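First up is the structure itself, then whatever we jot down about it.
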Amino acid sequence: MTTGTTQEPRPPQEARGSDERLSGSHRLASVLRRPEVGAAIAALAIFVFFATTTKAFLSPGGASTWLFTASSFGIMAVAVALLMIGGEFDLSAGAMIGTTGLTTGIMMSEFAMNVWVSILLALVIAVAIGALNGILVMRTGLPSFIVTLGSFFVLQGVNLAVTKILIGKVSVTGLQRAEGYTQGQQLFGSFVKIDLGGTLPLTIYAVTFWWVAVTLVATWVLLRTRAGNWIFAVGGAQISSRQVGVPVLKTKVGLFVTTSVAGWLVGMLSLFKTTTVQSTSGVGQEFIFIICAVVGGCLLTGGYGSAVGAALGALIYGMVQQGIVYEGWDNDWLYAFLGVMLLGAVLVNNWVKARAEAVR
Amino acid sequence: MTTNENVSHQASGTEGSDTEGSDTVVTGTPAASAPPLPEPGVAIIEVKDVGKSYGSVIALREITTSVKAGEVTCVLGDNGAGKSTLINILAGAHEHSEGEFIVDGVVRHMSSPRAALALGIATVFQDLAVVPLMPVWRNFFLGSELTKGFGPFKRLDINSMKQITKSELAQMGIDLRDVDQPIGTLSGGERQCVAIARAVYFGARVLILDEPTAALGVRQSGVVLKYIAKARDRGLGVVFITHNPHHAFPVGDRFMLLRRGRSIGNFAKSEMTLDELVQMMAGGAELDALTSELERSMPDSAVTKELQKGMKHQ
């Protein structure tokens, strides 16, 4: 009995509140350590660059365009970010936009079904496919990259083949005939026009409001709820999470369903804005969602990231895509830019992770 | 057991109940429904002639020992001695096939770690079950988060969780500047201590520590030993599994040595010295052979010198 029997007296108030050893500079440092900081700085720099070098970028009409692009990618990027924090990928996220849009579109135009029934049917399909993805990944133990690559190809094929069987062409039009179309249009396809004195008014589409709402809800869930704690935990250390009683299966399947439902939401938003849908809608966007999430600070290995960061990643994508057009550059530079952004972001994220894990 | 030891147990027991009291003040509701801690010195777990066979393989036989509140029971043995089988039985992971397993005087057959946890028997395994990138306080409450509010506005009670984490760790003698730092930034010893503090907070009465010092350096091992002593002083029964007699001796009250699935001794601290423990652990003749072998092959190594020193004491 030689060790530790003498207990050092410890003032109880030290246990409460913040520690006096944490200086103001420490708080600044902890803000700078947030995963979305890099994306915020990059977004600001890109905004300033295009705003000062082109006229169209800040004009109301121009801003409407990039805001719209950023918004529709942003909803998906946020959902994909949650999934990535949970340690998984979903490559079928883009094709899901097409699947749900086509389902609703065909039900409304070809079968003259009620708009809400059509929308709900697409939602049910999205939830089912998301749950299937999740259960397959968890039960087989295969990497989600492979499982969802499979479901991506299945959806892509089904989107084309079934559409051709049902309506004999590859795009759906004539939604306006369906009962209750205007109600759906109000929820998903409306817009606000703000006249700022330019040649065109600033148009903010419904998708932008949805984007903001999705980002806020996702941030709340991630940082302030038990589910959010579990998402970080299953992505960071799955076995440890299970040992302390985190419902791993429920959390992961929930994340896959969330991503699918986000695909459904974007499918509806694009369907009711454009009143048409192509069989190939959304295909090829799945990697852009992942790039947006990574640029926003998500680790490819899971356990770290932020919803706000992913939203900022999508904002960067939207601004650059339109900014390149306004600069009069060749559109193809967009992809080169995305590649550079992705590599840069991965390097920064890995450095941040290494620092976070290093013994201080 | 000497009078001296009884006195010190009494003292540590009072300390233990003090800290329990302040627990309830800070937290309101410690999360577990385990039975209350008995008086120091009262046996929480007793095993009598416990054995375990896997098919025709007898992994453990005729083990008799007890874990008392406010005492550290050390289980020593080399690899393959049956330590992990014994842990698995105590932790509820495997059911024993012979003998009696008594908790609070009641004969039990534990079917799962959850059942053991409900009786206040918590096991800290070597991998510690922590998520390195998550803050210390989130790790502390992972899986048992505190919430406030209702329905869709049900949210984490972050301030309480941070405060409880800080004060619980302080009671274990770990003084963290910032419970918001990722747990991966703590040293191995500190992480071990967070895992111990977590088990204690969530109602552990018996703490089973599986080789907590195995992967640690000398200084870090010392830190962990200090926290084992703290847990004991709080009135918990501790089962400390190790293969290192130098770690076991300073904190242990009772030592059980395992070899080839059998107990080769069960001693109170007053009955033996460190050197005897080391000697028994290695098996006298085997240790002599090892010493002379090492003297020949690497005469200058620290291990050799340590062994020679040990031999001279005999």
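The values are calculated or read from the model by the stated rules, or taken from the named source; none is laboratory data. Source: prediction; values computed, not measured. Cβ: placed from backbone, ideal geometry, glycine included. Neighbour counts: every protein chain shown.
Some points to look at:
- The range A:197-282 holds helices (runs of 4 or more DSSP H) entirely within its bounds, and those carrying 3 or more residues that are not polar (S, T, N, Q) map to A:206-224, A:226-236, A:248-274.
- Scanning the range B:165-193 for residues that are assigned to a helix (DSSP H, G or I) and at the interface with chain A (Cβ under 7 Å from one of its Cβ atoms) yields B:166, B:167, B:170, B:184, B:185.
- Tally of residues being more than 28 Å from residue A:261 (Cα to Cα) and either within 17 Å of the chain's Cα centre (by Cα) or touching a residue at least 40 places away in the same chain (Cβ under 8 Å) (or both) across the range A:39-54: 7
- Any hit, the range B:70-90, residues being closer than 24 Å to residue B:214 by Cα, part of a loop (DSSP other than H, G, I, E, B) and among the aliphatic types (A, V, I, L, M): yes
- Among the criteria (1) of a type in the set (Phe, Trp, Tyr); (2) under 28 Å from residue B:118 (Cα atoms); (3) more than 11 Å from chain A (Cβ to nearest Cβ), the one residue B:202 does not fulfil is (3).
- Candidate set: the range A:242-258, residues that are facing another protein chain (nearest Cβ under 10 Å) and out of contact with any Leu (no Cβ under 7 Å at 6 or more places or on another chain); chosen: the one surrounded by the fewest Cβ atoms within 10 Å (Cβ to Cβ): A:245
- Some residue of the range B:123-135 being more than 8 Å from chain A (Cβ to nearest Cβ), closer than 23 Å to residue B:212 by Cα, in contact with a Ser or Thr (Cβ under 8 Å, 6 or more places away or on another chain) and touching a residue at least 40 places away in the same chain (Cβ under 8 Å): no
Rundown of residues vs (1) within 11 Å of residue B:128 (Cβ to Cβ); (2) in contact with a Ser or Thr (Cβ under 7 Å, 6 or more places away or on another chain); (3) assigned by TED's automatic domain parsing to the domain that holds residue B:69, yes/no style:
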{"site": "B:170", "(1), (2), (3)": "no, no, yes"}
{"site": "B:177", "(1), (2), (3)": "no, no, yes"}
{"site": "B:183", "(1), (2), (3)": "yes, no, yes"}
{"site": "B:186", "(1), (2), (3)": "yes, no, yes"}
{"site": "B:192", "(1), (2), (3)": "yes, no, yes"}
{"site": "B:199", "(1), (2), (3)": "yes, no, yes"}
{"site": "B:208", "(1), (2), (3)": "no, yes, yes"}
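- Take the conditions (1) over 19 Å from residue A:81 (Cβ atoms); (2) of a type in the set (Val, Ile, Thr); (3) within 14 Å of another protein chain (Cβ to nearest Cβ); (4) surrounded by 14 or more Cβ atoms within 10 Å (Cβ to Cβ); residue A:203 misses just one of them, which is (3).
- In the range B:143-160, the residues that are in contact with a helix residue (DSSP H, G or I) (Cβ under 6 Å, 6 or more places away or on another chain) and facing chain A (nearest Cβ under 7 Å): B:145, B:155, B:156
- Evaluation of residue A:210 against the conditions (1) among the aromatic types (Phe, Trp, Tyr); (2) surrounded by 17 or more Cβ atoms within 10 Å (Cβ to Cβ); (3) within 11 Å of another protein chain (Cβ to nearest Cβ) shows that the sole unmet condition is (3).
- Residues in the range B:139-164 that are of a type in the set (A, V, I, L, M, F, W, C) and either part of a loop (DSSP other than H, G, I, E, B) or more than 26 Å from residue B:233 (Cα to Cα) (or both): B:142, B:146, B:150, B:153, B:156, B:158.
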